[in-house]
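Visitor: What follows is a structure written as structure tokens; I'll ask about it next.
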Amino acid sequence: MAVSALTAARPAPHHQLQVEHLGHHFDANAVLSDISLNVADNEIVAIVGPSGCGKTTLLRTCAGLLQPTAGVVRRIDHSVGFVFQEPALLAWRRVAHNAALLSASETLVERLLVISGLSEHRNKWPYQLSGGMKMRLSLVRTLAAAPSLVLLDEPFGALDQITRHRLHDEFARLHTEQGFAALMVTHAIDEAVYLADRVVVMSHAPGRIVGEFAVPFARTRTNSLRYSSEFGEVCGLIAQCLEAYA
Amino acid sequence: MNLSQRTRKLWPPLAVFGAIVGGWYALAYSLDNNFASGDGSALIIPPPHQLFVGLNETTVDRIVSATFISASTALVGLLISVVIGMLFGIVMNMSRALESALWPWLIGLQVTPIIVLTPIIVRVVGPTFGARVLVTVLIAFFPIASNTLFGLRSVSRPLHDLFTLAEFSQRQRLVQLELPAASPAIFAGMRVSAGLAVIGAVVGDFFFTRGTPGLGRLITYFFQDTRSGPMFVTALVAAFLGLGFFIAVESLRRLIVSPWHQT
């Protein structure tokens, strides 16, 4: 495994998710091979890799939606939130009801609706929302359950760039407020670097980890970071690793 | 929708209505011997303005009571079809084994013309209201069963995953996710079944030779009359009954589904 630490690793923290030697295959097709990774409290880890390398399978296995055919997945807490590629909203429930679907705290739902700018749209039906608003609502619904671990499967992939950048900042703000751990799958290297503390690179199928990069930028990050040479340099290193194993 | 848009939307069906009435008049006055009775009334096809000629109080009473019989049969049959059809859809969705066991029989029942089953049902059950309803259910429940199954199967995997991760029970999943998601498809099936329920109630009635006649038996009675007006009025009433059922189901769909479901 090629490991490239751009900054010194932080002291060993408490892990919300531990994956050890994970493997998975569908019939004769090996999808994942010998994956080991941890996600610590309050940490965001991003996974990048070519299409079909098993990123979504890894995420579904981490969530407990799939049983791995090899290895172990340990979740410290049962409160796992999942943000899907599509918003997956209940079309027959208004915005406020969708936000409250998984939550036991009305106060938290209200606060998240306000923070996300959806409060004034609370009585709308999902079809009346834009793509970005739907994704925001999906995030709010997940975070309203106050999960200690959030798994995100290319949550911003279908959005235009401006909306995506806005949602990145919103997600980062919510993460700062709630302090959850997150494992995020994405195709966009700049998204991974902007949001994550660590970026893990996967090879093509059967997916295995071929690179791990600690992101050297302190929180809170602002949009200007995206245009800095350091940001471009980190993105370039990850892209090189990705291309080498694609 | 403003007035001019509504007017524009009304024009096409009104034009078709005009063409039908025009064609009706043309047919009525082009048939040989249609007015050979001597008193001006039509023997074969009455022109629209003569439809109600020859309708006395007794005839109207018979049509009203037949309409009540057919409407109540269709209504009870449709309600039972909704319950049974949804139950079949839910059960088949729960188990592929049950689906493969039941589905061929449902298809077999659906493709068998109801007209050949009706005398068997009347022979076995007797000429009762229950038998009339049974005929209606047999013809009307399939679209609801198949659409319920289709609707339940169309729930996306992420939504199922969401409910799995949140540890919702099977019942919660059915009530809060699957049935609401399937409701547009279920209502589409109900719209078809509404028309079929009226067809079942009228066609099945042909074989009910005892008790108060429904619209089916009444039309065969008027068929033997020299005046064709009452037969046409009965046929029109049956058509409007079917339309009424369709409109009722469509109104319910608009109330329950349309606010959130964009078609």
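Readers should treat all values here as calculations from the given coordinates under stated rules, not as data from a laboratory. Owing to the predicted nature of the structure, the values given are computational and were not obtained by experimental measurement. For neighbour counting, all protein chains shown are included, and Cβ atoms are generated from backbone atoms with ideal geometry for every residue, glycine included.
Visitor: Take every DSSP beta bridge with both residues inside the protein assembly as shown and express the antiparallel ones as a percent of the total, to the nearest 5. Can you show the working numbers first?
Guide: Values: 18 of 39 bridges.
Bridges in the protein assembly as shown that DSSP calls antiparallel: roughly 45 percent.
Visitor: Dipole of the protein assembly as shown (Lys/Arg Cβ +1, Asp/Glu Cβ -1, origin at the Cα centre): which of A:TYR194, A:LEU152, B:SER258 lies farthest to the positive side?
Guide: Among A:TYR194, A:LEU152, B:SER258, the one farthest towards the positive end of the dipole of the protein assembly as shown is B:SER258.
Visitor: Can you sort B:PHE88, A:PHE82 from fewest to most other Cβ atoms within 10 Å of each residue's own Cβ?
Guide: The order, fewest Cβ neighbours first, is B:PHE88, A:PHE82.
Visitor: What list do you get for A:CYS62, A:CYS241 if you sort them by fewest beta carbons within 10 Å?
Guide: In order of increasing Cβ crowding within 10 Å: A:CYS241, A:CYS62.
Visitor: Taking the Cα centre of the stretch A:89-145 as origin, sum charge times position over the Cβ atoms of Lys and Arg (+1) and Asp and Glu (-1), and report the length of that vector in debye to the nearest 20.
Guide: Magnitude of the dipole: close to 160 debye.
Visitor: Would you work out which of B:PHE35, A:ASN98, A:LEU118 lies farthest towards the positive end of the dipole of the protein assembly as shown, given +1 charges on the beta-carbon of Lys and Arg and -1 on that of Asp and Glu, about the Cα centre?
Guide: The residue sitting farthest along the positive end of the dipole is B:PHE35.
Visitor: Under a straight-distance cross-link criterion of Cα-Cα below 19 Å, which lysines are reachable from A:LYS134, leaving out those fewer than 8 residues away in the same chain?
Guide: Qualifying lysines at Cα under 19 Å: A:LYS124.
Visitor: Moving on. Using a simple charge model, +1 on the beta-carbon of Lys and Arg, -1 on the beta-carbon of Asp and Glu, nothing else, what dipole does the protein assembly as shown show about its Cα centre, in debye to the nearest 20?
Guide: That gives a dipole near 1000 debye.
Visitor: With +1 on each Lys and Arg Cβ and -1 on each Asp and Glu Cβ, and nothing else charged, work out how big the dipole of chain B is about its Cα centre, in Debye to the nearest 20.
Guide: 520
Visitor: Counting each DSSP H run of 4 or more residues in chain A as -39500 (n - 2.57), what helix-only mean residue ellipticity at 222 nm follows after dividing by all residues, to the nearest 500 deg cm²/dmol?
Guide: -10000 deg cm²/dmol
Visitor: For A:LEU237, B:LEU243, what's the fewest-to-most ordering of other Cβ within 10 Å of each Cβ?
Guide: Lowest to highest Cβ neighbour count: B:LEU243, A:LEU237.
Visitor: Shifting gears a bit: Take the alpha carbon atoms of the stretch B:23-66, find their center, do the same for the stretch A:116-167, and report the distance between the two centers in whole angstrom.
Guide: 66
Visitor: Sticking with this structure for a sec: Give me the inter-chain shielding for A:85-93: mean count of other chain Cβ atoms within 10 Å, whole number please.
Guide: 5
Visitor: Tell me whether the protein assembly as shown comes out rounded, prolate or oblate; compute the Cα gyration tensor, take square roots of the eigenvalues as a ≥ b ≥ c, and use a/c under 1.5 as the rounded threshold.
Guide: Prolate shape, in that a/c is at least 1.5 and a/b is the bigger ratio.
Visitor: Turning to a different aspect of this structure: Would you give the gap between the C-alpha center of the stretch B:156-208 and the C-alpha center of the stretch A:178-246, rounded to a whole Å?
Guide: After rounding, the separation between the Cα centres reads 46 Å.
Visitor: Please name whichever of A:SER130, A:LEU58, A:HIS204 sits farthest to the positive end of the charge dipole of chain A, dipole taken about the Cα centre and charges placed at Cβ: Lys and Arg +1, Asp and Glu -1.
Guide: A:SER130
Visitor: For chain A, what is the percent of antiparallel DSSP beta bridges, rounded to the nearest 5? Please report the intermediate quantities before stating the final value.
Guide: On the way: 18 of 39 bridges.
Bridges in chain A are about 45 percent antiparallel.
Visitor: Which order, highest average first, do A:190-198, A:224-232 follow once you tally other Cβ atoms within 10 Å for each residue and take the mean per peptide?
Guide: Values: A:190-198: 23.6, A:224-232: 12.1.
Ranked by mean Cβ neighbours within 10 Å, highest first: A:190-198, A:224-232.
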